[in-house]
Amino acid sequence: MSIEVGSKLEGKVTGITNFGAFVQLPTGATGLVHISEVADNYVKDINDHLKVGEMVEVKVMNVEADGKIGLSIRKAKPQPEGAPSRPSRPRPSNRSFDRAPKETFETKMAKFLKDSEDNLSTLKRATESKRGGRGAKRG
């Protein structure tokens, strides 16, 4: 039995790491379920979802030339008709960026130099006052 991309198989969890779980397939090969492919929602700790020795249904996502097998538990679950694979989030509007005037490099550089000179003069004044200023000789 060969492992084909897109096929659904039953496998046994053989190991758990902080980045995913290793699942042994019926063919004897072992694949990795990345932590992002365990559940539809955010998975902080994979141990909350899987245990070593547990049987899980997985979908084969990819098989690389070096023999690595990418698996997904999330995509192995039946999806309702027309439902997105992940919950969609509203995208932020970029309207505020469209209205902002474009600054040229020269304008940005001039602003940076002015701010830098102001900061240096403030720093210089503060350090000179602590040292007693110029020309104040102690003797």
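The values are calculated or read from the model by the stated rules, or taken from the named source; none is laboratory data. The shown structure was predicted, so the numbers you read here are calculated from the model rather than taken from an experiment. Here the Cβ is made from the backbone with ideal geometry for all residues, glycine too, and neighbour counts use every protein chain on show. For accessibility, only protein heavy atoms count, side chains too; no ligands or nucleic acids. Shrake-Rupley method; radii C 1.70, N 1.55, O 1.52, S 1.80 Å.
Name the one entry in LEU123, LEU113 that is farther than 18 Å from LYS8 by Cα, at pLDDT 90 or above, more than 20 Å from the chain's Cα centre (by Cα) and open to solvent by 50 Å² or more (accessible area, probe 1.4 Å).
Only one candidate passes the filter, namely LEU113.
Looking only at the range 30-43, count how many residues are in a loop (DSSP other than H, G, I, E, B) and either open to solvent by 30 Å² or more (accessible area, probe 1.4 Å) or modelled with pLDDT of 95 or more (or both).
Within the range 30-43, the subset in a loop (DSSP other than H, G, I, E, B) is 38-43.
Next, from what is left, pick out any that are either open to solvent by 30 Å² or more (accessible area, probe 1.4 Å) or modelled with pLDDT of 95 or more (or both): 40-42.
Counting residues in the range 30-43 that are in a loop (DSSP other than H, G, I, E, B) and either open to solvent by 30 Å² or more (accessible area, probe 1.4 Å) or modelled with pLDDT of 95 or more (or both) gives 3.
Could you tell me whether ILE16 is modelled with pLDDT of 90 or more and either out of contact with any Ser or Thr (no Cβ under 9 Å at 6 or more places or on another chain) or surrounded by 10 or more Cβ atoms within 10 Å (Cβ to Cβ) (or both)? Even if it seems obvious, please write down each step before you answer.
Details: modelled with pLDDT of 90 or more: yes; either out of contact with any Ser or Thr (no Cβ under 9 Å at 6 or more places or on another chain) or surrounded by 10 or more Cβ atoms within 10 Å (Cβ to Cβ) (or both): yes.
Criteria met by ILE16.
Which residue, of GLY15, GLY11, GLY20, is at positive phi and in contact (Cβ under 8 Å) with a residue 12 or more places away in the chain? Give the steps one after another, and end with the answer.
Numbers: GLY15 fails: at positive phi; GLY11 fails: at positive phi.
Sole residue among the options that is at positive phi and in contact (Cβ under 8 Å) with a residue 12 or more places away in the chain: GLY20.
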